[in-house]
């Protein structure tokens, strides 16, 4: 009984704000400040209509975030996979030191690099370029990505690679045809984490992108929340939040098993 109560309490704590956000997105502005029984026409699709017909249209922000998220994820994995493999092949002392450095880098608050990244964008003329955001996003995601993938590579038996060497496979062929497919669950979970970071990141996107048609979703939603001087458009903001969370929910539901398998890789020794 206590266990069920705790699970129910946890679900209420987790899903309560989400359900309230969903409720707010379908309510008219007057209904949010009046008792539930005092308004006959409480429900409306006006907030979704206003968000979807905005200028620029809301779907463009979704596409911008998808472009940035996918490019950042691909670039991060392209660099992290060989780096994670190499971390298991270097001498033990250097490997341990490298892991400590990576842990420190992963825990470092990237907001402190804000001004340096802004000056870098100005020097290299990277402003208002969506694909340019993938460079800092991939770089900031590297430490965690390498650590997760390194744990997966570490679990692979060395005899597997030795047999591939006897077959005459080169290093690239071993990675391409044997090692990387075997760590695909960890690769999937790492890709999801990198994508989520790129999708939700705000400070860098705010300063690197100023054109309205190129804004990513977090920056666009912040503008929606501050679009009125005298009041906060709670309904429109809630509708934008619901629409913006749909791709993430679908992504997690589709790749739920690889995510769990990848995150628990190396936790249990058989």
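Laboratory data are not the source of any read-out in this text; all were calculated from the coordinates shown. Note that the structure is a prediction, hence the values are computed from the model and not measured.
Rounded to the nearest 10 degrees, the inclination of helix 114-123 to the longest alpha-carbon principal axis of the chain is 80 degrees.
Among 214, 154, 165, the residue with the largest mean-square fluctuation in a Gaussian network model of the chain, with springs joining Cα atoms closer than 10 Å, is 165. Taken as Cα centroids, region 110-149 and region 39-60 sit 34 Å apart, rounded to the nearest whole angstrom.
When the Gaussian network model of the chain links Cα atoms closer than 10 Å, the mean-square fluctuations of 187, 216, 241 top out at 241.
For the chain, a Gaussian network of Cα nodes joined below 10 Å ranks 191, 123, 152 by mean-square fluctuation, and the top entry is 123. The distance linking region 84-106 with region 232-261 is 34 Å (Cα centroid to Cα centroid, whole angstrom).
Angle of helix 58-87 to the longest C-alpha principal axis of the chain, folded into 0 to 90 degrees and rounded to 10: 20°. Shape class for region 1-99: oblate, because the ratio a/c of the largest to smallest gyration tensor axis (alpha-carbon atoms, square roots of eigenvalues) is 1.5 or more and b/c is at least a/b. Mean projection of the Cα convex hull over all viewing directions, computed for the chain: 20.4 nm². Only helices enter this figure: runs of n ≥ 4 DSSP H residues, each worth -39500 (n - 2.57), summed and divided by the residues of the chain, yield -21500 deg cm²/dmol at 222 nm to the nearest 500.
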